[in-house]
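Working notes, structure below.
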Amino acid sequence: MEYRYHLRVWFWGAQWKNITRKAMSAWLAWSIFDREFEDLGSAEDAFVAEALSLMEKRTGGRLADKRPDGKPDIVPMKLTLVKVNIWSRPALAYMVPELANIATRAWLEYMHGMRLCYHEGIECVLLAF
């Protein structure tokens, strides 16, 4: 059962009964050959079929040929093939905290006589009393 649970992550957390043989074959093709299932040759296709058979034995039962509720197949997560929307952080998001750190350090040094030092590679603060 734990094996099924860990595999479900690659299918967006779908219930095991909703994962089809087609979806599992697509995921196996990606995980083994880093290609879409439709792009595989006959030898690679046979290898995926054998891997699918072994996977079904390991999980304790045959996967469904189609989803029970009649909805379309779940598309597995394939990190190298699925486009991921990534937004870069603007430089301002890095500059503002750094400027705040510099200003705070300068204020503490000026007003309270604190000094930043290093002792055996560890950053520490010296207080002037």
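I'd like the FRET efficiency for Ser31 and Arg89, computed as 1/(1 + (r/R0)^6) with the beta carbon distance as r and R0 of 35 Å, rounded to 0.05. Show your work: numbers first, answer last.
On the way: r = 31 Å, r/R0 = 0.88.
Computed FRET efficiency for Ser31 and Arg89: 0.70.
Just rank Ser42, Ser53, Ser25, fewest to most, by other beta-carbon atoms within 10 angstrom. Mind dumping the intermediate values first?
Values: Ser42 7, Ser53 11, Ser25 20.
Least crowded to most crowded, the residues run Ser42, Ser53, Ser25.
To the nearest 0.05, what FRET efficiency results for Ser42 and Asp69 with a Förster distance of 35 Å applied to their C-beta separation? Walk me through the numbers before you get to the answer.
On the way: r = 33 Å, r/R0 = 0.95.
FRET efficiency, Ser42 to Asp69: 0.60.
What are the residues whose amide H is under 5 Å from the amide H of Ala64, where those residues sit 5 or more places off or on another chain and H is modelled from the backbone?
Here Arg21 satisfy the definition.
Test of understanding: ordering Glu120, Glu56 by Cβ neighbours within 10 Å, fewest first, what list do you get?
Glu120, Glu56
Every number in this text was worked out from the coordinates using simple rules, so none of it is lab data. A quick note: this is a predicted structure, and the numbers were derived from the prediction, not measured. For neighbour counting, all protein chains shown are included, and Cβ atoms are generated from backbone atoms with ideal geometry for every residue, glycine included.
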